[in-house]
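Worksheet for the structure shown next.
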Amino acid sequence: VENNLSISNSKSNLKWVFIILLVMIALTEMLIYKFRFEIIDHPWIKMHLAQQALLKKEWKYMILADSGSLVGIDPRAISKDLGNLSFPSCQTIGPYLLLKRYLKTSSAPKMIFFNLSPEGWGESFFFKEEFIRYSMNFGDFLIVWNDLTYPERICFLTAHFMPSSRNRVWINSWLATRITLFFNGIFSPKAATLARSQKTISGQIVLTDQGFILSPESERSMDEGDIKNLKQYGLDHKFTFSARNLKYFDLFVKLAHEKGIEIVFYEGPIPEVIYSIRESTGYNNSYRSLISEMKRKYDFVIFDGSDNPVFSNEKYTRNFHLNKTGAEAFTALFRDKIFFKYARESKH
Amino acid sequence: MPFNSIRFFLFFLSVYLLYLLLDHKRQNRFLLLASYGFYAAWDWRFLSLLLVRTVVNFFTGLKIYESEEPKTKKFYLLLGVISNLTILGFFKYFNFFVRNVQTLASFIGFDTKFPLLNILLPIGVSFYTFQSMTYTIDIYRDQMKPTKNFFDFALFTSFFPLILSGPIERARNLLPQIMAPRHVTWDKFHEGFFLIAWGLFQKIFIADNLAVIQHQIFSHNTPYNGVLVLLAGYAFTFQLYCDFCGYSDIARGICKFIGFDIILNFNLPFFSTNIQEFWNKWHISLSSWVRDYIYTPLFLSLRNIPANLRLYFTMLMTMTLLGLWHGAKWTFVIYGIYQGILLVIYALCKNKVLSKIHFKNPFASATWFFARVVFMFHLTVLGLIVFNSSSISQATEMVKALFFNFHLLAGAGLNSMLLKGLFYVTPLIMVHFIMFLKKDLLFILKSNCLVQALFFYLIFYFIVIFGEQSGKQFIYFKF
């Protein structure tokens, strides 16, 4: 069988092949355009979409924190003026960028409730995989790129080609979904499989209109295996904090201060199994030292204690995330001991 | 950095764009640098191995050419060949050899314990060893002259599209292309684009989807069911073909983009009517290598043995070595012996039986042709069931089930697997059938623009919607 190509006009031939191909793909995409949101059913995308909507609303009070508060505080049970704009693995860059974004289109809130779990102060792989991939936009990237690591920059720049990247939402079409999945399928097959497998839990992860998310496993509690894993995690990890996190916390509180926003630094919940281990390993003391130092530095920030509220193990799903019962308990605690206290004492 | 990764896409894009801007000499230096970088991305420690091999082959090649004395020529040839094979043997076969010596020793009553080494197999070692050896052997045979440019030679031994899994290119074909200025034409770009797209389709849509089916059956424990084993055999045969042919097509497509013409590795092997034809169409770069560098010299060296016996012995030996080339496993050896036996049987039947069968009626002739194609295909499937088995006992159980436990099994998910398998394989069979009828592997590129666009459109959506995306490694990487 022959294997020779002799096309005298390959250049023009190829040009027309590409033109027709693009037209065919465009027509296909247009035909199924109206189903785009059914197709974009990745939970992170839905969360991002919901958060975009939250950022466009006017809030008097705002929670900027990480996943512990996203699944742990339901603002609907507290006040209609309170929005939970937390984002998983946001570190301190996240709240800073989200606040900057919010202030561009909305007036400054009176008060921001800020929390970052002790783990969030150190370097985290999940910052790249969650916040950078699903929440950071190009404007954000230009602000912080100098402080991002090389893999983090690459993650942002290639996120366009990743499954369910923010750019699917940004371009806002099925075409983008298909193209990203195509590139993803070829070039990042593991991520594609992950994205596809996560589709099975989509629909459960939906932010409320005030930004609260029930964990997909919110009905379950930790079992013996989870507790054992968490114990081991507690033994294996030392408290660390990064200079970058301190820098962006500084920028965040200064930005809020400039805009006349009061900041309440509250503590997130922690499972009892890990709290006792951290007491014995000195982890908690190291964390308290950091908070004490920040207290001294930022006298305009209200620090509400430096001890996390300890919740029993059965109030958690398999990790640090509260389940339904836990979220109800922490929401009540936050409402009574933090929100009402400081919102009433507010200077505004 | 496999071809189906974003890292490779970015790597190749940057290499290609810069490559187009450079003159010929700088292109070669840049490709060498890129090739070393590409190989180091897998495991930088083996770069030294690659470098040693390059130096040894470069100097032995020069010495063979410069030497006047046949004995000296032979000495340098042996030096080159032995050093290549020693490296290959050590990394690939040392533990296999030790284990088998130990088994043999204990069988005859010696209780010995030889130490096994924790050796990591350098990726692509079997491919680039064979490729490098063509250089010294061809110089010895006066089939080519050595290059005096070390960097060009180093590029030949490390050329990134070929270093991991071939095709095993001959020095006399690749080196002149490295040394002479290359032209990137629209024809080559067009062909390269087709080869890469078709290669990715074969890998992601066909091979990786079929892998799921065959794995379900091969990973099962005994007792096996013959029908399922046959289905697994079909699935693995097409998987292996699409995986390796897909890889070779992508490699050839990349080469076309940068102006190289590389040997065709597969030429519609499933349309073969006999085993000899099959090996002329399957993994052509290896089978032709084995023919030129093992079979022919071995056949010529056994002058004292009667002609027929010499032929059969050489066939058996050559195919056994070809089986062993795939790896240090007895199933590979048995696969090689099986192929050797098929070749011997064919050689015996060819003149006495097969050459006498002719049909004047075109329908009868076509039926005879397809009957032979189907028969040959099933012989291939049988061999590949052994090839893919994890052990001899698994291979035995599976082959036994094929012949003695062949009945439909209710509730085994057979229908679903069969339908899925047909869905994945049908596009391949259709395209191959047209290629075969038109006697042209590139018929699509000679069709009108609309047909070509439709072809690429279908490839695009089949990969996007139905592609198996668990990132399976190319099978031949482990060889």
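The values are calculated or read from the model by the stated rules, or taken from the named source; none is laboratory data. Keep in mind that this is a model prediction, so the values were computed, not measured. Quick reminder, even Gly has a Cβ in these numbers, built from the backbone with ideal geometry, and neighbours come from all protein chains shown. The accessibility values were calculated without ligands, DNA or RNA, using every heavy atom of the protein model including side chains. Shrake-Rupley method; radii C 1.70, N 1.55, O 1.52, S 1.80 Å.
What to note about this one:
- Computed extension gain for A:S276 through A:S289, at 0.36 nm per residue and net of the alpha carbon distance, reaches 2.9 nm.
- Derived scalar couplings ³J(HN,Hα) [the stretch B:157-166; Karplus, 6.51 cos²θ - 1.76 cosθ + 1.60; whole Hz; x for Gly, Pro]: 7, 10, 3, 4, x, 10, 5, 7, 9, x
- Eligible aspartates and glutamates near A:K80 by straight Cα distance, threshold 14 Å, same-chain separation 8 or greater: A:E58, A:D209
- Whole-angstrom gap from the stretch A:79-148 to the stretch B:245-293, using each part's C-alpha centre: 54
- Most positive-pole-ward Cα, A:F303, B:T367, A:M111, against dipole of the protein assembly as shown from beta carbon charges: B:T367
- Ranked by solvent-accessible area (1.4 Å probe, protein heavy atoms only, all chains present), the residues B:L21, B:L316 order from largest to smallest as B:L21, B:L316.
- Sequentially through the stretch B:268-273, phi angles give Karplus couplings (6.51, -1.76, 1.60; θ = phi - 60°) of 6, x, 6, 9, 6, 9 Hz, Gly and Pro residues having no value and appearing as x.
- Partner chain coverage, peptide B:433-441 - average Cβ within 10 angstrom: 2
- Peptide packing for B:61-72, B:81-92 was compared via the average number of neighbouring C-beta atoms within 10 Å per residue; ordered from the highest value, the list is B:81-92, B:61-72.
- Three-way shape call for the stretch B:265-407 based on the alpha-carbon gyration tensor, with the a/c threshold at 1.5: oblate
- Across the stretch B:32-37, computed HN-Hα scalar couplings (Karplus, 6.51 cos²θ - 1.76 cosθ + 1.60, θ = phi - 60°) run 5, 4, 5, 5, 5, x Hz from first to last residue, x flagging Gly and Pro.
- In a reduced charge model with +1 at each Lys and Arg Cβ and -1 at each Asp and Glu Cβ, the protein assembly as shown shows a dipole moment near 1800 debye about its Cα centre.
- Å³ per residue enclosed by the Cα convex hull of the protein assembly as shown: 229
- Over chain B, relative contact order from alpha-carbon pairs under 8 Å, at least 6 apart, %: 18
- Whether the stretch B:372-455 is rounded, prolate or oblate, judged on the alpha carbon gyration tensor where a/c under 1.5 counts as rounded: prolate
- Over the stretch A:76-153, relative contact order from alpha-carbon pairs under 8 Å, at least 6 apart, %: 39
- Of the residues A:R220, B:R172, the one with the largest accessible area comes first in the ranking B:R172, A:R220, computed with a 1.4 Å probe on protein heavy atoms.
- Which listed pairs, of A:K104/A:K297; A:K297/A:K341; A:K100/A:K297; A:K238/A:K315; B:K281/B:K446; A:K254/A:K295, have C-alpha distances above 18 Å, in listed order: A:K104/A:K297; A:K297/A:K341; A:K100/A:K297; A:K238/A:K315; B:K281/B:K446
- Counting, for every residue in B:178-191, the Cβ atoms of other protein chains within 10 Å of its Cβ and taking the mean gives 3.
- Look at the dipole of the stretch B:123-226 built from charges on Cβ: of B:L164, B:Y224, B:I137, the Cα furthest out on the positive end belongs to B:I137.
- The calculated FRET efficiency for the pair B:F462 and A:K228, based on their C-beta separation and a Förster distance of 35 Å, comes to about 0.20.
- Straight-line cross-link partners of B:K420 among the aspartates and glutamates, defined as a Cα under 13 Å from its Cα and at least 8 positions apart when in the same chain: B:D208, B:E468.
- Rounded if a/c under 1.5, otherwise prolate or oblate - chain B, Cα gyration tensor axes: rounded
- Within a straight-line Cα-Cα reach of under 20 Å, B:K71 can be paired with the following lysines, leaving aside sequence neighbours fewer than 8 residues apart in one chain: B:K63, B:K145.
- Separation in nanometres of the label points that stand 7 Å from Cα toward Cβ, at B:I305 and B:V52: 3.4
- Other protein chain Cβ atoms within 10 Å, averaged over every residue that makes up A:265-271: 0
- Cα centroid separation - the stretch A:284-339 against the stretch B:209-244, whole Å: 54
- Mean projected area in nm² (Cα convex hull; one quarter of hull surface) for the stretch B:193-239: 3.1
- Relative contact order (%) - criterion: Cα under 8 Å, at least six apart; region: the stretch B:84-227: 19
- Our helix-only sum for chain B, with -39,500 (n - 2.57) per DSSP H run of n ≥ 4 divided by its residues, gives a mean residue ellipticity at 222 nm of -22500 deg cm²/dmol.
- Each Lys or Arg adds one and each Asp or Glu takes one away; over the other residues whose Cβ falls under 15 Å from the Cβ of B:Q394, this sums to +1.
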